[in-house]
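The next block holds one structure in the form of structure tokens; read it before the comments.
Read-outs throughout are calculated quantities, based only on the coordinates presented, and are distinct from any laboratory measurement. Here the structure is a predicted model, which is why all the values come from computation and not from measurement. Please note: Cβ atoms are built from the backbone with ideal geometry, for glycine as well, and neighbour counts cover all protein chains shown.
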Amino acid sequence: MNTDVQIKIDSYPAEVRPVFSLLRQWLYDIAAEKALNPVSESLKWAEPSYSVQGGSTVRMDWKAGRPEMIQLYFHCQTQLVETFRELYPQSFEFEGNRALLLPVSGSLPEAAIKHCLHLALTYHKRKHLPLLGAC
């Protein structure tokens, strides 16, 4: 793990770290399962950031201003969040055209999150398709 990212994750409250680590692991699992490796991990805008060749960057963060949520950020000039809103209107809380908000406590919609991460990690291969080829 990138040292700067590890320091950032270690700064989160104890109840946030396991959820964040799970989301991070799902991203790495998807990249491995779909042969999208290597995953580049770094800090961008002081937030853990993940990218693969041919994909759109995914950032994740927890903020004290919304302590009950973890944010998954996507490039705001893509069709990603618009597509997620169409596919999963009841599964997520959305922040404009750039983020999914996920609860720190309770269950996460695993299949929906993994699908969204997969669409982001393969964005440039599918950006020309209706609903990013999700249907």
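List of remarks:
- Tallying residues that are part of a helix (DSSP H, G or I) and either exposed (fewer than 15 other Cβ atoms within 10 Å of the Cβ) or in contact with a His (Cβ under 9 Å, 6 or more places away or on another chain) (or both) within the stretch 83-100 yields 4.
- Taken over the stretch 62-82, the criterion of being under 13 Å from Leu101 (Cα atoms), touching a residue at least 40 places away in the same chain (Cβ under 8 Å) and buried (at least 17 other Cβ atoms within 10 Å of the Cβ) is satisfied by Trp62, Ile70, Leu72, Phe74.
- Residues being on the phi < 0 side of the Ramachandran plot, in contact with a Lys or Arg (Cβ under 9 Å, 6 or more places away or on another chain) and outside any loop (DSSP other than H, G, I, E, B) are entirely absent from the stretch 102-111.
- Some residue of the stretch 16-24 being touching a Ser or Thr at 6+ places or on another chain (Cβ under 6 Å) and on the phi < 0 side of the Ramachandran plot: no
- The single condition among (1) under 30 Å from Ser11 (Cβ atoms); (2) surrounded by 12 or more Cβ atoms within 10 Å (Cβ to Cβ); (3) not hydrophobic (A, V, I, L, M, F, W, C) that Thr122 does not meet is (1).
- Of the residues making up the stretch 2-46, those that are aliphatic (A, V, I, L, M), closer than 21 Å to Val104 by Cβ, within 17 Å of the chain's Cα centre (by Cα) and part of a loop (DSSP other than H, G, I, E, B) are Val16, Ala46.
- Any hit, the stretch 64-81, residues being in contact with a Ser or Thr (Cβ under 9 Å, 6 or more places away or on another chain), closer than 15 Å to Leu117 by Cβ, of a type in the set (Phe, Trp, Tyr) and assigned to a strand (DSSP E or B): yes
- Scanning the stretch 20-38 for residues that are within 16 Å of Lys8 (Cβ to Cβ) and crowded, with 18+ Cβ neighbours inside 10 Å returns Phe20, Leu23, Arg24, Leu27.
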